[in-house]
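Below is one structure; the comments refer to it alone.
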Amino acid sequence: MVTSSLECEVGRERREKILQVVKDHALVRGKFTLSSGQESDYYWDGKMATTLPEAAYLIAEEIFELLEDTDIQAVGGLAIGADLMVPAVVIMSLLKGKPIPGFVIRDRRKEHGTKKEIEGQLPKERGAKVALMDDIITTGNSIFPAIEKVENEGCKVAKIVVLLDRHQGGSDKLKRAGYDFTAILHSDASGQVTIDETSAVARHAEERAVPK
């Protein structure tokens, strides 16, 4: 029980550090059009966090601990959101004594060479369980095509992890489809970021209830 409490405290402290890095480096205020076509008062530039040495380490450690006690055989991500996250988690897995190979999913098939859609160590065994990562989820328009590509290769997507959930429908779609989904951070429509999902969801509900 003491060990469990200590682990929870360490995990909470790590997520608080990740949250602070994100607030300091990855959130940009202004008027933006997202890839989904939606308008937003803030922009999430996740690469500004995942390219920082300490943040990359902390994020990789957080994700590895989500996968450590599973039978995940590989961890992959979407280009370019997870390009930097995948190698960080792969290296972390080796440092922690449980090596997990990685792969990256292209948004479109390469037109030369091997002409692959998925680069790296995607398991060839049918039914192999893999985890997918991305730096953000909004509507889910990016993650579902990536899931389809992986499943078309015969693998099972057993876990999905994102750094930030904007709570704009994407994570709800994944859960309804039966996927095991986890976000490290959560944001509401105004760009307030928290490590507590319930806070972000509650603020969204309050904002929807206010007459426009």
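General remarks:
Conditions (1) within 23 Å of H167 (Cα to Cα); (2) in contact with a Ser or Thr (Cβ under 9 Å, 6 or more places away or on another chain); (3) surrounded by 14 or more Cβ atoms within 10 Å (Cβ to Cβ); (4) at pLDDT 95 or above, marked per residue:
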position: W44; (1), (2), (3), (4): yes, yes, yes, no
position: Y57; (1), (2), (3), (4): no, no, yes, yes
position: D83; (1), (2), (3), (4): yes, yes, yes, no
position: V89; (1), (2), (3), (4): no, no, yes, yes
position: P99; (1), (2), (3), (4): no, yes, no, yes
position: R109; (1), (2), (3), (4): no, no, no, no
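- Of everything in region 18-39 that is loosely packed, with under 13 Cβ neighbours inside 10 Å and touching a residue at least 40 places away in the same chain (Cβ under 8 Å), the residue that is nearest to T139 (Cα to Cα) is S35.
- Some residue of region 53-64 being within 27 Å of T139 (Cβ to Cβ) and not in a helix (DSSP H, G or I): no
- Qualifying residue in region 89-100 (condition: assigned to a helix (DSSP H, G or I), within 26 Å of L52 (Cα to Cα), in contact with an Asp or Glu (Cβ under 7 Å, 6 or more places away or on another chain) and of a type outside the set (D, E)): yes
- Of all positions in region 52-62, at least one carries a residue that is within 30 Å of P123 (Cα to Cα) and touching a His at 6+ places or on another chain (Cβ under 7 Å).
- Odd one out for I63, checked against (1) over 29 Å from E117 (Cα atoms); (2) surrounded by 11 or more Cβ atoms within 10 Å (Cβ to Cβ): (1)
- Test: residue in region 194-207 that is modelled with pLDDT under 95, under 26 Å from D24 (Cβ atoms), part of a loop (DSSP other than H, G, I, E, B) and out of contact with any Lys or Arg (no Cβ under 9 Å at 6 or more places or on another chain): yes
- Filtered by the rule that a residue be in a helix (DSSP H, G or I) and touching a residue at least 60 places away in the same chain (Cβ under 8 Å), region 65-88 gives L66, L67, M85.
- Residue match in region 123-143 (condition: over 19 Å from V161 (Cβ atoms) and either among the polar types (S, T, N, Q) or surrounded by 13 or more Cβ atoms within 10 Å (Cβ to Cβ) (or both)): no
Listed here are the residues, each with its yes/no results for (1) within 27 Å of V22 (Cα to Cα); (2) not acidic (D, E).
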{"position": "K98", "(1), (2)": "no, yes"}
{"position": "F103", "(1), (2)": "yes, yes"}
{"position": "K129", "(1), (2)": "no, yes"}
{"position": "D135", "(1), (2)": "yes, no"}
{"position": "K159", "(1), (2)": "yes, yes"}
{"position": "V162", "(1), (2)": "yes, yes"}
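- Filtered residue count, region 36-52, keeping only those that are within 20 Å of I80 (Cα to Cα) and in a strand (DSSP E or B): 3
- Qualifying positions in region 7-35 - hydroxyl-bearing (S, T, Y) and either assigned to a helix (DSSP H, G or I) or over 19 Å from the mean Cα position of the chain (by Cα) (or both): T33
- Residue count, region 121-136 (criterion: closer than 30 Å to Q168 by Cα and either among the polar types (S, T, N, Q) or in a strand (DSSP E or B) (or both)): 8
The values are calculated or read from the model by the stated rules, or taken from the named source; none is laboratory data. Note that the structure is a prediction, hence the values are computed from the model and not measured. Methodologically, a virtual Cβ is constructed for each residue, glycine included, from the backbone with ideal geometry; neighbour enumeration extends over all protein chains shown.
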